[in-house]
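Shown next, in structure tokens, is the structure this report addresses.
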Amino acid sequence: MHRCVLRLTLGWCFFVTSAAAQTTPNALPAPSIPPPTAIPDGPPGRSSAAPTVPAAPAPAAVAEPTVPATSPVEPASAAVVTPTSPSAAAVAPAPPSPAEGAKSTPEEAPPTPLETPIAIHGFASQGFIKTTKNDYLADSKRGSFEFTEVGINFTKDLTDRLRVGVQLFARNLGPIGNYTAQFDWFFLDYRFADWFGIRAGRTKLPFGLYNETSDVDAARVPVLLPQSVYPIQSRDYLLAQNGVEAYGFIPLGSPGDLEYRVYGGALFIDPRYEGLGQLLTKATTPYLVGGRLMWATPLQGLQLGGSAQLVRLDLEIVPPDAVLAPLRAAGQLPANFNGTVNASAPVLLTVGSIEYSANDLLIAAEYGRQRAKLTSNVQALAPNATTVSEHAYVMGSYRINEWFTPGVYYSALFPNVDHRSGRDKYQHDVAGTLRFDLNKYWLLKLEGHYMHGTAGLSSDLNGGAALNTLESDWGVFLVKTTVYF
């Protein structure tokens with residue numbers, strides 16, 4: 001039994017880079033992004049190569065940064081266009097003075113990028129979550145308001161090709177966040193040409209269609225994106241990396257357009273956010289490399305793509321004496337064991353994506369797998385093993401008018417493709433959402449889920465109960481409102 005407990009703990013840690021956590025929710029922040037129409041500066045000429053967000057009404061300005069549809073620029077301002085100073089407009093020539101005769105005053109030159117104002121945007125969200133059975137994300141069986149997000153971001157063009165940006169973010173989601181403010185993302189971006197640019201700092205991870213916009217409520221229809229691929233508990237460390245990225249946009253003519261992004265760096269994982277108490281004392285990622293290629297097809301609104309990411313996790317876990325004592329008595333611990341389990345797991349994540357977004361309709365689907373290979377110094381607690389997980393969804397939404405957009409999706413998660421039987425070995429999720437845009441700065445969402453299976457639940461949130469003992473069929477109801485500017 002003790003061996004199973006630690007397996008679950010390690011298994012959850014591997015999931016920090018996968019589509020969903022297995023034993024306990026985890027949280028970490030990331031950049032925000034506005035609706036498809038909110039596009040910051042980027043290489044000209046691109047129409048739809050970058051992933052769009054679910055068909056949500058697009059306000060004139062969005063409270064969160066967005067990845068430009070024209071290039072994979074790090075989330076910056078959510079405004080469609082950076083405001084300009086009055087001098088940006090052409091000044092009409094003044095009437096000639098008697099001394100000047102017919103001479104006219106020359107037009108004032110437009111401001112340089114450095115002279116334009118800093119773009120400032122912000123957002124704040126408050127949600128409520130209630131489940132019929134099992135606690136999910138928070139103490140949800142009795143209903144919980146521990147579902148809060150707030151952020152503010154600043155972006156600035158320094159030259160025609162150089163720009164900087166930063167976002168501060170805080171949230172509270174059950175045991176995660178506790179309103180601790182942190183730098184969600186920050187970047188220095190230089191674009192040499194449409195086909196090549198470099199960005200450095202804490203940059204967003206371009207994985208799948210919506211990872212970069214996963215925390216931007218105004219940029220999508222659902223309250224919760226499909227959790228098999230975009231687990232909200234893992235936002236804080238799956239959203240961005242500390243490192244560098246190369247990106248570019250390549251027009252192909254009649255075959256369409258290509259957008260590529262290649263990156264490398266490391267993830268920051270704070271054990272305090274993992275919900276593992278004293279078990280997980282250290283988690284590091286010596287390396288992270290990945291990339292995404294998107295093809296905007298000749299059919300307007302249709303894009304296809306693939307993402308891959310390789311990350312290595314190094315973990316230090318200190319099991320309680322109650323777990324170690326019987327193993328020590330049975331002689332199953334190494335002679336030099338010092339009380340700490342050292343484990344390492346290279347994890348490979350892949351996902352294929354397809355999205356069709358035209359007029360008011362959006363249809364999207366993604367399928368992915370994660371392969372984790374565990375090695376450790378204590379086989380009795382964490383035996384060497386290779387695990388392959390599977391995650392997929394299909395989603396659709398339709399904007400009926402400027403203030404109302406309904407949406408639905410089906411999502412599936414299998415933590416181990418070799419073991420699909422048992423309620424803790426899968427989670428099926430059928431969701432429906434109603435989005436109301438009350439005005440261009442304020443929205444309201446109502447959402448319901450029917451869940452079958454417990455693979456996406458946290459044992460810690462459910463009093464330490466094993467996932468195979470929790471209720472197999474349960475419901476989730478959410479209400480969320482967001483203001484943004």
Consider PRO271 against the criteria (1) modelled with pLDDT of 95 or more; (2) over 18 Å from the mean Cα position of the chain (by Cα); (3) closer than 27 Å to PHE169 by Cβ: it satisfies all of them except one. Which criterion is unmet?
(1)
The correct count of residues that are surrounded by 18 or more Cβ atoms within 10 Å (Cβ to Cβ), closer than 20 Å to GLY456 by Cβ and of a type in the set (Ser, Thr, Tyr) in region 125-139 is 2
Can you confirm whether region 168-186 contains a residue that is touching a residue at least 40 places away in the same chain (Cβ under 8 Å), touching a His at 6+ places or on another chain (Cβ under 6 Å) and over 18 Å from LEU114 (Cβ atoms)?
no
Please verify whether region 381-391 includes one or more residues that are within 24 Å of LEU224 (Cα to Cα) and open to solvent by 10 Å² or more (accessible area, probe 1.4 Å).
yes
Which one of PHE207, PHE192, PHE187 is closer than 27 Å to GLN303 by Cβ, out of contact with any Pro (no Cβ under 8 Å at 6 or more places or on another chain), at pLDDT 95 or above and not in a strand (DSSP E or B)?
PHE207
Those residues of region 346-366 which are open to solvent by 10 Å² or more (accessible area, probe 1.4 Å) and either in contact with a helix residue (DSSP H, G or I) (Cβ under 7 Å, 6 or more places away or on another chain) or outside any strand (DSSP E or B) (or both) amount to ASN359, ASP360
If we keep only residues of region 216-266 that are under 23 Å from ALA364 (Cβ atoms) and acidic (Asp, Glu), then the residue most open to solvent (accessible area, probe 1.4 Å) is ASP257
How many of the residues in region 411-436 are crowded, with 16+ Cβ neighbours inside 10 Å and either outside any strand (DSSP E or B) or without any contact (Cβ under 8 Å) to a residue 24 or more places away in the chain (or both)?
6
Residue check: is LEU276 modelled with pLDDT under 85 and either in contact with a Ser or Thr (Cβ under 7 Å, 6 or more places away or on another chain) or open to solvent by 70 Å² or more (accessible area, probe 1.4 Å) (or both)?
yes
With respect to SER254, determine if the residue is of a type in the set (Gly, Ala, Ser) and out of contact with any strand residue (DSSP E or B) (no Cβ under 7 Å at 6 or more places or on another chain).
yes
Any chance you could count how many residues in region 352-381 are aliphatic (A, V, I, L, M) and under 23 Å from PRO286 (Cβ atoms)?
4
Answer with yes or no whether GLY305 is touching a strand residue (DSSP E or B) at 6+ places or on another chain (Cβ under 9 Å) and either of a type in the set (D, E, K, R) or buried (at least 23 other Cβ atoms within 10 Å of the Cβ) (or both).
yes
Take the conditions under 29 Å from LEU374 (Cα atoms), small (Gly, Ala, Ser) and either surrounded by 14 or more Cβ atoms within 10 Å (Cβ to Cβ) or free of Cβ contacts under 8 Å to residues at least 24 places away in the same chain (or both) and apply them to ALA455. Does it pass?
yes
Kindly evaluate HIS391 against the criterion of being modelled with pLDDT of 95 or more, closer than 17 Å to THR131 by Cα and not basic (Lys, Arg).
no
Those residues of region 367-410 which are not in a strand (DSSP E or B) and not charged (D, E, K, R), in sequence order:
ASN377, VAL378, GLN379, ALA380, LEU381, ALA382, PRO383, ASN384, ILE400, TRP403
Lone qualifier among GLY151, GLY122, GLY165 - being surrounded by fewer than 19 Cβ atoms within 10 Å (Cβ to Cβ) and in a strand (DSSP E or B):
GLY122
Out of everything in region 450-464 that is under 23 Å from the mean Cα position of the chain (by Cα) and assigned to a loop (DSSP other than H, G, I, E, B), what residue ends up being modelled with the lowest pLDDT?
SER458
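The values are calculated or read from the model by the stated rules, or taken from the named source; none is laboratory data. Since this is a predicted model, take the numbers as computed values, not measurements. Here Cβ is always computed from backbone atoms with ideal geometry, including for glycine, and neighbour counts include all displayed protein chains. Keep in mind that these areas ignore ligands, DNA and RNA; they rest on the heavy atoms of the full protein, side chains included. Shrake-Rupley method; radii C 1.70, N 1.55, O 1.52, S 1.80 Å.
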